[in-house]
Amino acid sequence: MNLTLHVWRQNGSKTSGKLVTYNANNVSEDSSFLEMLDEVNEGLIANDEEPIAFDHDCREGICGSCSMMINGVAHGPERHTTACQLHMRSFKDGDEIYIEPWRAKAFPIIKDLVVDRNSFDKVIQAGGYVSVSTGGVPDANAIPIGKDYADSAMDAAECIGCGACVASCKNASAMLFVAAKVSHLALLPQGQPERKNRVLNMVKTMDDAGFGNCTNQYECEAACPKGISVEFIAKMNRDFLKAGLASKD
Ligand code: FES
């Protein structure tokens, strides 16, 4: 298939950017979206032009690097699918595709489609850990965990930190990401010692980074490639309230 791409090109957060049009010809419908971009880049390099910068690592829907808006939708048109797992059969011959970076104050553009998501790393550093006592490794079955809690913790742990929730939210809120990271530890016995401090510190770090607040639009859940539920936001808000009241004792 032959496609027309409109790709955001920008040299950094201090310069302005613009959409640049490229033709992508003879694209196989079996190739992934990133493979299609690879081919476009090979053509640009052959013409001594600068290739389009975009982030990727695993290309298996695991690392969350491949952040980009495709036709205004985070990760493109397929639900529960990262850009790296999106196949070109999702498009039609002759389509025009607009490709842009995440847009949020807390995600400054590094180059073209690549944004700096260091603010997410700071949120994780603020509480994404558990205390481990020294000594031998405890037997895996020594800490019984109810199936409902284990399932829910695993659902939250599916978050790959891609930032689609932020990019799709009109407030650029990171509540779904932070809620998933808070909840997957708060649901497990191993996460209880730091539970109160974790939610307070992670929410404060989120606010300090410049993310907006949640106004219950639920775009985050719709855009999340892992289908993380907004119920985790409600859970985090309850934990945050309790921890805040306890800290005033
Ligand atoms: S490149 Fe790792 S999730 Fe897409």
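Restricting attention to region 206-244, the residues being under 16 Å from residue 156 (Cβ atoms), surrounded by fewer than 18 Cβ atoms within 10 Å (Cβ to Cβ) and aliphatic (A, V, I, L, M) number 1. Does residue 123 satisfy being touching a residue at least 12 places away in the same chain (Cβ under 8 Å), aliphatic (A, V, I, L, M) and over 23 Å from residue 53 (Cβ atoms)? For residue 123, the condition - touching a residue at least 12 places away in the same chain (Cβ under 8 Å), aliphatic (A, V, I, L, M) and over 23 Å from residue 53 (Cβ atoms) - is met.
Scan region 69-80 for residues that are touching a helix residue (DSSP H, G or I) at 6+ places or on another chain (Cβ under 9 Å), within 15 Å of the ligand (Cβ to nearest atom) and touching a residue at least 24 places away in the same chain (Cβ under 8 Å) and the total you get is 5. Could you give me the residue pairs with C-beta distances under 6 Å whose first residue belongs to region 39-68 and is within 6 Å of the ligand (Cβ to nearest atom), whose second residue is of a type in the set (Ser, Thr, Tyr) and part of a loop (DSSP other than H, G, I, E, B) wherever it lies, and which are 6+ apart or on separate chains? These pairs meet every condition: 56/65; 57/65; 61/82; 66/82. Of all the criteria given as (1) modelled with pLDDT under 95; (2) surrounded by fewer than 20 Cβ atoms within 10 Å (Cβ to Cβ); (3) closer than 17 Å to residue 177 by Cα, the one not satisfied by residue 118 is (1). One residue stands out among those in region 81-128 that are within 24 Å of residue 23 (Cβ to Cβ), charged (D, E, K, R) and assigned to a loop (DSSP other than H, G, I, E, B): the one that is farthest from the ligand (Cβ to nearest atom), which is 93.
Residues of region 209-236 that are assigned to a helix (DSSP H, G or I) and either of a type in the set (Phe, Trp, Tyr) or touching a Gly at 6+ places or on another chain (Cβ under 7 Å) (or both): 232 alone.
Selection of first residues in region 149-163 that are more than 19 Å from residue 106 (Cα to Cα) and of second residues that are of a type outside the set (S, T, N, Q) and assigned to a helix (DSSP H, G or I), restricted to Cβ pairs under 6 Å at least 6 apart or on distinct chains, gives the following pairs, ordered by first then second residue: 153/184; 156/180; 156/184; 156/232; 157/184. Just so you know, in region 27-75 the residues that are in a loop (DSSP other than H, G, I, E, B) and among the hydroxyl-bearing types (Ser, Thr, Tyr) include one that is farthest from residue 120 (Cα to Cα), and it is 28.
Of the residues 53, 74, 46, 83, which is touching a His at 6+ places or on another chain (Cβ under 7 Å) and either of a type in the set (A, V, I, L, M) or over 19 Å from residue 159 (Cβ atoms) (or both)?
83
The values are calculated or read from the model by the stated rules, or taken from the named source; none is laboratory data. Values in this document were obtained by computation on a predicted structure and should not be read as measured data. Every residue, glycine among them, receives a Cβ derived from its backbone with ideal geometry; neighbour counts consider all protein chains shown.
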